[in-house]
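Participant: This is the structure, below, for whatever I ask next.
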Amino acid sequence: MAADRVPLIPHSVLFGNPSYLVPEISPDGTRLVYLAPDEGVLNVWVAPVDRPEEAAAVTHDRGRGIRTYGLCHDDRTLFYLRDENGDESWRLYLVDLVTGEERCATPFDGVQARVLAHNRWHPATILVGLDRDRPGLHDVYRLDLPTGRLTKVAENPGYLSWITDTDLRVRGGSALKPDGGMTVRLHPADAPDGDAPPWFDVPYEDAMGTRVIGFARDGATCYLLSSVGANTNRLHAVEVATGRRTLLAEDPVHDVKQVEMDPVTRTPQAVLFAKERDEWLFLDEDFGKDIGRIRDALALQEIDGEIYIDRTDRSGRLWTVSVVTGAGPVLYYVHDRADGSLRYLFSHHPELEQYRLARMEPFAFAARDGVTVHGYVTWPPGADRKGLPAVVNVHGGPWARHTFAFDEEAQLLANRGYACVQVNFRGSTGYGKHFRNLGAKQWGAAMQTDLLDALDHLVADGSVDPARVGIMGCSYGGYAALVGAAFTPSVFRCAIDLCGPSNLLTMLAAGAPQRTPLRAFMHAHVGDPDTERDMLWERSPLSRADDIRIPILVVQGANDVRVPREEAEQLVAALEAKGIPYEYLLFPDEGHGLARPANRQAYYAAVERFLAAHLA
């Protein structure tokens with residue numbers, strides 16, 4: 001096994017706090033801002049842009065850490081979001097970078113704040129969504145930065161999301177229909193305030209791949225991603241008043257992953273498609289040349305990675321650049337467009353640079369019904385790819401996907417000698433609506449057999465030992481791990497569930513109020529408890545607890561509002577009653593997933609012990 005020849009990476013390095021995250025240049029181009037630990041907790045640090053060594057922490061959270069922040073165009077205010085121990089009742093905080101004063105802008109118990117919009121044209125204003133009056137329905141408020149005054153500007157008529165333009169006018173929103181489809185409502189810029197008329201009716205099969213991503217600065221043109229009339233979501237420019245559309249970018253197989261917008265005109269300059277590796281399509285020649293210069297500079301250093309940019313400097317001169325190599329920490333740079341230079345800042349975790357890491361490798365196979373399914377395997381460094389123990393590591397969502405990235409879990413597994421198998425099973429995003437919708441109401445069914453077929457594919461070529469396979473995951477991935485234990489206990493030797501539902505009926509009946517608008521979507525894609533109760537129970541691991549014969553590690557955050565604590569404890573009670581071996585870890589200060597470094601390290605230490613005990 002690789003662990004015999006490759007130095008072990010400590011849990012503190014893989015799962016402790018990163019050294020640096022999310023660097024940005026302030027809008028006035030004078031400051032470098034990023035996340036870094038302060039007394040062991042992630043906080044926001046600020047330094048002069050040309051003297052990063054003079055950085056100082058400007059926030060002082062001592063809880064789960066800050067992960068979402070932004071810089072305002074008044075050139076003195078920083079904002080960030082923070083909840084309490086994972087309860088997802090996010091509050092918005094403001095920090096004055098001149099005086100150091102900090103204040104909570106949304107001091108309301110049990111209310112979730114969302115930052116909807118802020119830009120260079122309205123530097124003293126933030127649009128904030130708050131569900132103060134009706135849980136789950138976020139009304140729009142205007143936050144005045146100098147005074148902190150909140151003024152309601154739009155009441156939510158049932159929107160899942162709002163649409164605003166660059167002048168911070170509310171132009172409409174998107175609402176789910178009972179069948180899982182969606183209605184987009186939109187009105188022209190010169191229309192009076194009030195309910196927006198229906199603008200685009202989106203069928204159920206296209207709802208997940210369709211959204212308005214923004215407006216051009218003139219307010220007359222919006223940009224729409226939509227799969228209506230095609231298999232993949234395509235980028236269109238739409239004249240709002242007439243509805244006239246112009247197709248700007250498409251790929252026949254893969255969805256648009258990201259659109260790069262010009263910061264001044266708010267017109268698209270490039271599109272990224274989510275393939276095995278990112279593929280750029282440039283709509284603006286000059287922007288393409290800028291990215292080319294960055295690529296050339298990286299090539300001189302023999303660095304191959306995905307490039308992501310952040311253009312928060314209003315002058316357009318300084319960009320922050322993130323480079324994801326997959327086999328090393330994320331690298332951060334500042335690109336100066338004036339002279340074409342690329343100045344290295346730091347990596348997200350310099351300690352990782354002393355260890356031998358593995359790179360995710362794509363693979364594909366034909367599922368039992370002939371559907372082509374893609375995924376990645378991270379192999380143990382230095383090990384012969386023959387008869388290896390393996391862990392099927394299932395992504396959450398499930399409406400998400402694995403992408404080429406630096407993945408701490410994959411690195412841990414590979415470093416300890418396991419092949420980490422990550423499958424983009426049907427229902428995963430990025431491969432067009434047909435593949436995505438093949439996952440509708442297939443929890444515990446075809447979505448699960450895709451995992452089994454991936455394993456068969458790797459067993460058939462001799463790379464994986466079928467007698468030494470485990471399954472693990474978080475959220476939906478935790479559910480899939482429990483399904484593996486309950487439905488196919490002969491395939492897996494052990495299962496690890498982090499925050500996964502054990503009973504689809506109780507999962508659908510529970511959840512945070514903020515998720516109530518998603519009910520129609522969940523019923524369309526998972527199942528309707530009123531009409532499909534028997535199916536949902538049969539797809540629930542709890543219904544077949546008697547069939548579980550393999551050990552299970554169950555892990556839960558006590559404050560989880562997405563998959564409540566009951567989901568873990570009803571399973572644990574069933575395992576206890578049947579005398580089935582299990583371990584149960586309950587983290588009292590976590591929600592959906594683990595954020596605190598100490599908790600993450602404790603969890604992965606348990607994962608490592610558990611896998612070593614059962615896959616030897």
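The values are calculated or read from the model by the stated rules, or taken from the named source; none is laboratory data. Remember, predicted model here, so these are calculated numbers, not experimental data. Note: ideal-geometry Cβ built from the backbone for every residue, glycine included; neighbour counts use all protein chains shown. Surface areas here come from the heavy atoms of the whole protein model, side chains and all, with no ligands, DNA or RNA. Shrake-Rupley method; radii C 1.70, N 1.55, O 1.52, S 1.80 Å.
Participant: Find all pairs meeting these conditions: Cβ atoms under 6 angstrom apart; at least six residues apart or on different chains; first residue within the range 478-503 and within 14 Å of Met447 (Cα to Cα); second residue of a type in the set (Ser, Thr, Tyr) and buried (at least 24 other Cβ atoms within 10 Å of the Cβ).
Facilitator: Going by the 6 Å Cβ cut-off, the qualifying pairs are Leu482/Ser502.
Participant: Let me ask you something else. Give the residues of the range 152-176 that are more than 25 Å from the chain's Cα centre (by Cα) and part of a loop (DSSP other than H, G, I, E, B), sorted by residue number.
Facilitator: Result: Glu155, Asn156, Pro157, Thr166, Asp167, Leu168, Arg169.
Participant: Tell me, which residue of the range 178-227 that is free of Cβ contacts under 8 Å to residues at least 12 places away in the same chain and closer than 25 Å to Val264 by Cβ is most open to solvent (accessible area, probe 1.4 Å)?
Facilitator: Ranking the candidates gives Asp190 first.
Participant: Does Pro517 qualify as being assigned to a helix (DSSP H, G or I), open to solvent by less than 40 Å² (accessible area, probe 1.4 Å) and not acidic (Asp, Glu)?
Facilitator: When the stated conditions are applied, Pro517 passes them.
Participant: Right, next: Which one of these is open to solvent by less than 20 Å² (accessible area, probe 1.4 Å) and among the hydroxyl-bearing types (Ser, Thr, Tyr): Tyr355, Tyr376?
Facilitator: Answer to the check: Tyr376.
Participant: Sticking with this structure for a sec: Taking the range 32-51, which residues are over 28 Å from Arg596 (Cα atoms) and not in a loop (DSSP other than H, G, I, E, B)?
Facilitator: Pro48, the sole residue that qualifies.
Participant: Further question on the same structure: Within the range 432-461, work out how many residues are open to solvent by 30 Å² or more (accessible area, probe 1.4 Å), in a loop (DSSP other than H, G, I, E, B) and either in contact with a Gly (Cβ under 7 Å, 6 or more places away or on another chain) or touching a residue at least 12 places away in the same chain (Cβ under 8 Å) (or both).
Facilitator: So the answer is 3.
Participant: So which residues in the range 120-137 are in contact with a strand residue (DSSP E or B) (Cβ under 6 Å, 6 or more places away or on another chain) and open to solvent by less than 10 Å² (accessible area, probe 1.4 Å), if there are any at all?
Facilitator: Residues satisfying the conditions are Ile126, Leu127, Val128, Gly129, Leu130, Asp131.
Participant: Are any of the residues in the range 359-377 at pLDDT 95 or above, aromatic (Phe, Trp, Tyr) and not in a strand (DSSP E or B)?
Facilitator: No - not one qualifying residue is present in the range 359-377.
Participant: Name the residue, out of Asp336, Asp284, Asp278, Asp310, that is farther than 22 Å from Pro23 by Cα, open to solvent by less than 60 Å² (accessible area, probe 1.4 Å) and in contact with a strand residue (DSSP E or B) (Cβ under 8 Å, 6 or more places away or on another chain).
Facilitator: Exactly one residue qualifies, and that residue is Asp284.
Participant: Next up: Looking at the range 29-56 only, could you name the residues that are under 29 Å from the mean Cα position of the chain (by Cα) and open to solvent by 30 Å² or more (accessible area, probe 1.4 Å)?
Facilitator: Within the range 29-56, Arg31, Pro37, Glu39, Gly40, Trp45, Pro52, Ala56 qualify.
Participant: For Arg426, all conditions in the list (1) in contact with a helix residue (DSSP H, G or I) (Cβ under 7 Å, 6 or more places away or on another chain); (2) closer than 30 Å to Ser226 by Cα; (3) open to solvent by 20 Å² or more (accessible area, probe 1.4 Å) hold save one; what is the number of the exception?
Facilitator: (3)
Participant: Continuing with this model, one more query. When the range 313-331 is examined, which residues are found to be surrounded by fewer than 20 Cβ atoms within 10 Å (Cβ to Cβ), hydroxyl-bearing (Ser, Thr, Tyr) and touching a His at 6+ places or on another chain (Cβ under 9 Å)?
Facilitator: Ser322
Participant: So which residues in the range 41-93 are β-branched (Val, Ile, Thr) and within 20 Å of Asn119 (Cα to Cα), if there are any at all?
Facilitator: Across the range 41-93, the qualifying residues are Thr68, Thr77.
Participant: Quick one: would you say Ala467 is open to solvent by 10 Å² or more (accessible area, probe 1.4 Å) and either without any contact (Cβ under 8 Å) to a residue 40 or more places away in the chain or more than 13 Å from His395 (Cβ to Cβ) (or both)?
Facilitator: The answer is yes for Ala467.
Participant: Being touching a residue at least 60 places away in the same chain (Cβ under 8 Å) and part of a loop (DSSP other than H, G, I, E, B): is that true of Gly473 here?
Facilitator: So Gly473 fails the test.
Participant: Let me ask something else. All but one of (1) under 25 Å from Leu518 (Cβ atoms); (2) of a type in the set (Asp, Glu); (3) touching a residue at least 24 places away in the same chain (Cβ under 8 Å) hold for Glu260; which doesn't?
Facilitator: Looking at each condition in turn, Glu260 falls short on (1).
Participant: A follow-up question, please. Residue check: is Thr151 without any contact (Cβ under 8 Å) to a residue 24 or more places away in the chain, in contact with a Phe, Trp or Tyr (Cβ under 9 Å, 6 or more places away or on another chain) and surrounded by fewer than 21 Cβ atoms within 10 Å (Cβ to Cβ)?
Facilitator: So Thr151 fits the description; yes.
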